[in-house]
Amino acid sequence: MFGRGKQKYPIPATLLKLKEMNEQIVHDLEVELDDILEIDMDYDLNNQDAEFAYSGHPLDVIPFAFTAFGGEYFAFLTDFGSVTDLEDAPVVFVQALPSEEFHVTLIARNIKDYLGLFLTYRCMINMFIKVNKPSQEPSTVETHPYLSAVEAKLIHELGIQKIEPVFYRQNMLKERSKEVVPTRNGIGVKRMTAGELGPTFNVEEYDKYDVLNNKVREFFQEVCLENKLACIADLQEAGILSTHTHDLNEFLINELRAMGCIYESRMLELTTTSYDFLMSSALHGSIPEI
């Protein structure tokens with residue numbers, strides 16, 4: 001069981017089926033499913049440790065598929081524990097050193113749709129590149145000779161179907177925008193309470209640390225849970241939280257604990273004590289004066 005927020009999660013059914021498929025492929029073809037998919041699948045969700053803690057790392061994800069590049073992976077987005085079953089959790093792509101503007105990109109509504117997009121793009125690594133600019137053109141990427149056998153298994157044994165990517169992405173983003181408090185990376189924080197939403201916190205408005213520190217504390221006194229979580233996400237994405245913002249880090253970590261987000265508080269503590277602040281500033285340009 002894996003905890004996020006106040007929720008505990010078993011391994012989702014589709015991931016278990018992929019594990020069974022891998023065992024069968026190894027037996028029949030003497031090759032790992034990972035080699036065919038060109039990605040490292042974590043069927044048992046074992047890689048949930050500090051190895052993936054860095055500034056901008058989302059606090060409420062459970063990684064399940066890793067690329068060959070350090071700090072890049074696909075993950076279940078738990079929306080701070082508001083998702084009740086990982087089978088229904090959105091899938092995101094996370095990068096330590098983003099090639100695009102942000103660390104986190106929404107990929108699919110759930111793991112089955114993620115596999116459906118894979119059937120369309122025929123390459124999991126290529127999926128992130130394509131998903132922001134979806135096309136109806138067929139994929140021309142070189143594939144493993146056994147890929148067709150895997151595709152047949154996904155379709156006939158797991159009931160996965162190809163997804164038309166253009167309209168899928170448009171509709172997914174439109175639906176998501178109606179359900180969340182907005183954040184600068186576009187992922188947002190899903191509504192979990194009936195509390196009245198306050199304004200969003202503009203992390204770029206304050207260029208001195210002391211002012212920012214006080215303004216965040218004032219903001220937290222006035223707004224609901226979702227606004228607080230969105231503020232933390234934006235501070236992370238902007239590269240502001242680091243080893244140099246100890247007082248603010250400690251305040252936010254304690255706030256997360258008070259919300260029942262114990263894992264998330266631990267991850268924020270890791271990202272603000274082990275991450276190189278100079279890399280953060282290089283990635284995000286100007287930073288608050290410390």
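Laboratory data are not the source of any read-out in this text; all were calculated from the coordinates shown. Keep in mind it's a predicted model, so treat the numbers as computed, not measured. Positions of Cβ are backbone-derived with ideal geometry, glycine not excepted, and every protein chain shown enters the neighbour counts.
Annotations
- Annotation: aspartates and glutamates with alpha-carbon distance below 12 angstrom to residue 190 (same-chain offsets under eight excluded): 60, 79, 175, 179, 226.
- Using the Karplus relation 6.51 cos²θ - 1.76 cosθ + 1.60 with θ = phi - 60°, the per-residue 3J(HN,Hα) values for the range 102-107 come to 10, 6, 10, 10, 6, 9 Hz, with x marking Gly and Pro.
- Hz values of 3J(HN,Hα) by residue in the range 151-165 - Karplus curve (6.51, -1.76, 1.60), Gly and Pro given as x: 4, 4, 5, 4, 6, 8, 9, 10, x, 7, 10, 4, 10, 6, x
- By average C-beta atoms within 10 angstrom, highest first, the peptides 228-241, 152-165: 228-241, 152-165
- Sites residue 207 and residue 46 - FRET efficiency at Förster radius 35 Å, r taken between beta-carbons, to 0.05: 0.25
- Residue-by-residue Karplus 3J(HN,Hα) for the range 262-272, coefficients 6.51, -1.76, 1.60, Hz, glycine and proline x: 6, 4, 4, 5, 5, 5, 5, 4, 5, 5, 9
- Proximity of backbone amide H atoms, modeled 1.01 Å from N, is registered between residue 65 and 42, 74 at under 5 Å, excluding neighbours fewer than 5 places apart on the same chain.
- A crude spin-label estimate for the pair residue 258 and residue 8, with each label 7 Å from Cα along the Cβ direction, gives 2.7 nm.
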